[in-house]
Amino acid sequence: MLAISRALRQRLVSAMEEGLDLAEPPDPQLTAASKPEFGDFQANGAMGLARQLQQAPRQIAQTIVDHLDLADLCEPPRIAGPGFINLTLKPEVIARAIAERVGDPRLGVAEAPVRQRVVVDFSSPNIAKEMHVGHLRSTIIGDCLARLLAFRGHDVLRLNHVGDWGTQFGMLITQLKQVAPQALDAADAVDLGDLVAFYRQAKQRFDEDETFRTQSREEVVKLQRGDPFSRRAWALLCSQSRQEFQRIYDRLGVGIEERGESFYNARLTGVVEALDSAGLLVTDDGARCVFPDGSSDKRKQGSALPPVIVQKRDGGFNYAATDLAAIRYRLAGADGGEGDAAERVIYVTDAGQASHFEAVFQVARRAGWITPGQSLEHVPFGLVQGADGRKLKTRAGDTVRLRDLLDQAVQRARADLERRLADEGRQEDEAFIAHVAETVGMAAVKYADLSQNRITDYQFSFDRMLALQGNTAPYLLYAYVRIQGIARRGGALTATAPDPIRLGAAEAFSLARQLLHFDEVLVELERELLPNRLCTYLFELSQTFNRFYDRVPVLKAEEPDRSSRLALCRLSADTLKLGLELLGIGTLDRM
Ligand code: ARG
C-alpha cells in the first residue's frame, strides 16, 4: 500500500498548501488507520496546526478536506474526534492493487531507494566454549535481519565475529599439553563437548594455581608471537569448534562468513596509534584507555560508561580493542583501500553488552572513523529464560546445549505429528514424517524467538512454541498448508488475477486490505529492526485468511467470484511464504 499512501500524502500536502496559510511545508501526518472501522488511513496533521493558525483543529481539517481531491482513490473523507481525517479506499482501488500483486515475485515490495552496504555481525560464539541459547537468539535474529535487508536490495555482509583469540587459549593449550596432548596434535582427537570440559578445568586451575597461571600467560605470548606449535594447536582447536558450530548453522539453514577476532590481531597496534594521534589515549595505571565524554561528572553520579581499555598494562589487548579494530576496518575502504566500506553496521547481541557497544561506538565517533552517511547500531535482545523465569538450564542445572535443544524440538514435533496422524487415521512414510518434524521443529524454535519483542526476556517453552493454536509457527504453517490443499483439490492458484477482481464478500474484502499492508510492514522492519512486527502481521493475516476460508466458498463459488477468491488464496499463500522465508522459516505443502 506504500504507492497508494504516497499518492494520498502528496494530495494532502497540496490541499494544505492551497487551503492554509502556512509558513513551512506541511506534514499531513498520514498513518494507517488505528482501527478498520476508521477506514484505511488517517491524517492527523490538523491538530498540530491549531496554535499557529489560531483555529479549531476540526475547522482546519474541514479546510483541508474542502481542498482535497481524492475522488479517484477514496470514499468522501470523514472528519472525526478533535480533527482526524479518516480515509477509506474505494473497493476498486483495492481490487486493482491486489490484481497487480498477484504473481509478482516481490509482491509489490519495492527495493529500498538507496542501496546500502550493510554488515550484520551476529551469532559470534566463542571457540572452545559451548554455543549457548544467547548465541542461538543472535543467530536467528541476525539471520532474519540479513535476509530482510538483502530482500530490500541492500548489499549485505553476514559476519561471524567468533571469539577465537585471547587468554582462553593460553589456559586451554597449557591444560591440554598436560592432560591430553593428542588433542593438540591431530584433528578430531576430541569433540567440542570434551573441549568445553577441558576449558572448564583449565579455568579452575587458572584461578587456583599460580604456576598454571604463569604457564598459561607464557602460552598466550607464544601464540601471539606466532610460535609454530602454538599456532598449530590453536588452529586445531578452532577447527574443532568450527565444525560443531557449522552443524548448527546447517541445521538452521543459516549462512554466515567467519571473520573471528584473530583477523584483527594485526590491526590492533594501528588502532592504538590512530587513537593516540587523535589525542584520545590516556595512560591510567599503565593501561592505555579512552575515557568517555563527560565521564568524570557522570561517573560521580554512577551512571556513566567505564573507560575503554584499549591496551592492558601487560601490552595485551581485549574484547573492546578488537571491536575498535573491527569498526575501523568495517567502515573504511570506500576509497578503495582496506576495509568493508560499510554504511550501516548492525551488531546483534544480548542487551548485557549495550554499554560495551555504546562505549566503543563513542570512541569511534570521536576518532573520526564514522563519516556522514555511516551508522553503527547495536540490536540488543533479552535473556532466554526457562519456564520458571530463571536462566534456561537443564534439569541437572547445566547450560542447555544447542544441539540437544534443537533435537528435542524436532522430537516433540515428531511426537505431535504421529499423534495427529493416528487420530486422523492417516498413513505417511518415514521420509514425510522426518521432513515435517524437522521443518516444524526448526520453525517453532525460530518463530518463538522472533515473535517476541526482542528487547524483553523470553520464556522458552516447547509446549507453547509447538501449539497448533495461537501465535506459533505451526499455526502459520498450517494456514499455508490449507491453501495448498485448495490447489490439490482442483483450484488453480494461477499467477494472474481476473480483471476486475471481485471482492464482494466482507471477509474477502478484509483479506484484500490486509494483504496490501505487507510492504509497509517490511519497510518498518527495515527501519526498526523488530522482527516481531512481521510475525504479528503474518499471524493476523493467517487469522483473516482462516476466517475468509471458513465462511466464504472458494471452490464451490460461481465464476467470476471463484477465480477472484482463488487469486486471493494465491496471494495469501505467497505472502505467507515470503514472510516466513524472511524470518528464515521454510513452509510445507502438507503437514
Ligand atoms: N563472542 C561474543 C559473545 O559470545 C559476541 C561478539 C559480538 N560481536 C562483536 N563484534 N562484539 O558474547
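Just so it is clear, none of the values below were taken in a lab; they were calculated from the coordinates. Everything numeric here is computed off the predicted structure, so don't read it as measured data. Because the Cβ atoms are built from the backbone with ideal geometry, glycine has one as well, and the counts that use them run over all protein chains shown.
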Mind listing the Cα extents of region 1-147 along all three principal axes, in Å, largest one first? 69, 41, 30
Starting with the highest mean, order 583-591, 370-378 by the number of other Cβ atoms within 10 Å, averaged over the residues of each peptide. 583-591, 370-378
Could you tell me the calculated FRET efficiency between A415 and H67, based on Cβ-Cβ distance and R0 = 51 angstrom, to the nearest 0.05? 0.20
How much net charge surrounds R115 when only the other residues with a Cβ under 13 Å from the Cβ of R115 are counted, with Lys and Arg +1 and Asp and Glu -1? -1
Compactness check, region 192-313: C-alpha Rg relative to the 2.2 N^0.38 Å globular estimate gives 1.41
Can you find, among A146, I98, A110, the residue sitting farthest towards the positive end of the charge dipole of region 85-191, where Lys and Arg contribute +1 and Asp and Glu -1 at Cβ? I98
Using a simple charge model, +1 on the beta-carbon of Lys and Arg, -1 on the beta-carbon of Asp and Glu, nothing else, what dipole does the chain show about its Cα centre, in debye to the nearest 20? 640 debye
Output ordering of 179-186, 495-502 (per-residue mean of other Cβ within 10 Å, highest first) is 495-502, 179-186
Computed Rg/Rh of region 291-406, alpha carbon atoms with Kirkwood Rh: 1.08
So what are the three principal axis dimensions of region 179-240 from its Cα atoms, in whole Å, longest to shortest? 31, 27, 15
Once each part is reduced to its C-alpha centroid, what is the distance from region 126-199 to region 524-591 in angstrom? 38 Å
Using packing as a proxy for protection, rank 128-134, 397-403, 562-568, 63-69 so that the peptide with the highest average count of other Cβ atoms within 10 Å comes first. 562-568, 128-134, 63-69, 397-403
Per-selection Rg to Rh, the chain - Cα, Kirkwood hydrodynamic radius: 1.04
